Amino acid sequence: MAINLIMLGPPGAGKGTQAERFARARGIPKISTGDILREAVHNHTEIGQNVRAIMDRGDLVGDDVMIGIVRERLTRADVRLGFVLDGFPRTVAQATALDQMMDGRDPLIVVDIVVPEAELVRRLSSRLICEDCGGNADALKEGATGEKVDPRRCRRCGGHLVQRTDDDNAVVIERLKVYQRATKPLVDFYSVRDTFRAIDGMQPTDSVAADLVAAIEAVGNNGGARGVLR
Ligand code: AMP
């Protein structure tokens, strides 16, 4: 059975880090709509030029654009054994469109990473990404073997680590508001399903990763009972 996983949770909950780690371990693609958009901005594509200002102010890109991007991405062969979606869906309209895209595929597994807002602000204002490859510095630390590394450089490509333009404090507050208004309703949308689980994102990264695996196995084993794994 393919693992078709959605990571839900506010910005800064650790979705990207966990999605990357899980996808790598299972050999399935991580599809981050934020990464796709940042790459489009970096490459000055038409979509990139249209979305840059929206992203910089912490707003959401239009549903039609986002649904189009994900629909195209899910037609590629590498999602056959599954995928991890990070940052999509972010609105009920996107979730409804995704359900339609899943017609004839294995069911979605939905994991919500729960983290209180004060902690999110702290995390977002201190996180770094690589300005060349867009990698998340925290995610790239995972799996480190203890070798000496330059903390200002990306482990994957050696690029400079910088703050994301939308991790600036004022924009962080706006993104959290947008999350509450547009994306949090997705918890209600999905939590009635047997394939929904919530996990505690305040734990160390390894424990969150272990809970994620346990949640997915629990869903696979019994298709079953809902609850928060701690
Ligand atoms: P992320 O890296 O997931 O935090 O996304 C960064 C920014 O990209 C968001 O603040 C939005 O402006 C935009 N974005 C990413 N995914 C979506 C989506 N599914 N719907 C709308 N906007 C998105």
Among P11, P204, G58, whose Cα lies farthest out toward the positive end of the dipole of the chain, if unit charges sit on the beta carbon of Lys, Arg (+1) and Asp, Glu (-1)?
P204
In nm, to one decimal, how far is the N221 label point from the V121 one, both placed 7 Å along Cα→Cβ?
4.0 nm
Report the local net charge at G16: Lys and Arg +1, Asp and Glu -1, summed over other residues whose C-beta lies under 9 Å from its C-beta.
-2
What is the set of long-range amide H partners of A198 at a cut-off below 5 Å, with H atoms built 1.01 Å from backbone N?
D112, G227, L229
Ranked output for segments 193-204, 112-123 by mean other Cβ atoms within 10 Å, highest leading, reads 193-204, 112-123
Kirkwood Rh (inverse of mean 1/r, distinct Cα pairs), the chain, angstrom:
18.1 Å
Per-residue HN-Hα couplings for segment 32-41 [Karplus 6.51, -1.76, 1.60; θ = phi - 60°; Hz; x = Gly/Pro]
9, 5, x, 4, 4, 5, 5, 5, 5, 5
Value of D in µm² per second that Stokes-Einstein yields for segment 1-64, Kirkwood Rh from Cα pairs, at 37 °C (0.692 mPa s):
247 µm²/s
For the chain the mean separation of alpha carbon contacts under 8 Å (6+ apart) over residue count, i.e. relative contact order in percent, is 28 percent
Whichever aspartates and glutamates have a C-alpha closer than 16 Å to that of K177, once near sequence neighbours (fewer than 8 apart) are set aside:
D56, D59, E117, E119, D166, D167, D168
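Send over the per residue convex hull volume for segment 52-105, Cα only, as a whole number of Å³. Each step should come with its number before you reach the end.
Values: hull volume 4.6 nm³, N = 54.
Value for segment 52-105: 86 Å³ per residue.
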Would you list, by chain and number, the aspartates and glutamates whose Cα falls below 14 Å from the Cα of K15, excluding same-chain residues fewer than 8 positions away?
D35, D86, D112, D138, E142, D200, D206, D211
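Run the helix sum for the chain: -39,500 (n - 2.57) per DSSP H stretch of 4+ residues, divided by residue count, reported at 222 nm to the nearest 500 deg cm²/dmol. Don't jump to the answer; show the numbers that get you there.
Details: 10 runs with 104 residues, N = 230.
Roughly -13500 deg cm²/dmol at 222 nm, from the helical runs in the chain.
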Using the alpha-carbon centroid of each, what span in Å lies between segment 16-47 and segment 57-86?
10 Å
Let's test the formula: R0 of 30 Å, r as the Cβ-Cβ distance of R71 and S191. What FRET efficiency results, to the nearest 0.05?
0.75
Given charges of +1 on the Cβ of Lys and Arg and -1 on the Cβ of Asp and Glu, with all other atoms neutral, how large is the dipole of the chain about its Cα centre, in debye to the nearest 20?
320 debye
Longest to shortest principal axis, alpha-carbon extents of segment 1-122, angstrom:
40, 35, 26
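Just so you know, all these numbers are worked out from the coordinates, no wet-lab data involved. Only a predicted model underlies this, so the values are computations on that prediction, with no experimental measurement involved. As a convention, Cβ positions derive from the backbone with ideal geometry for all residues, glycine included, and neighbour counts pool all protein chains shown.
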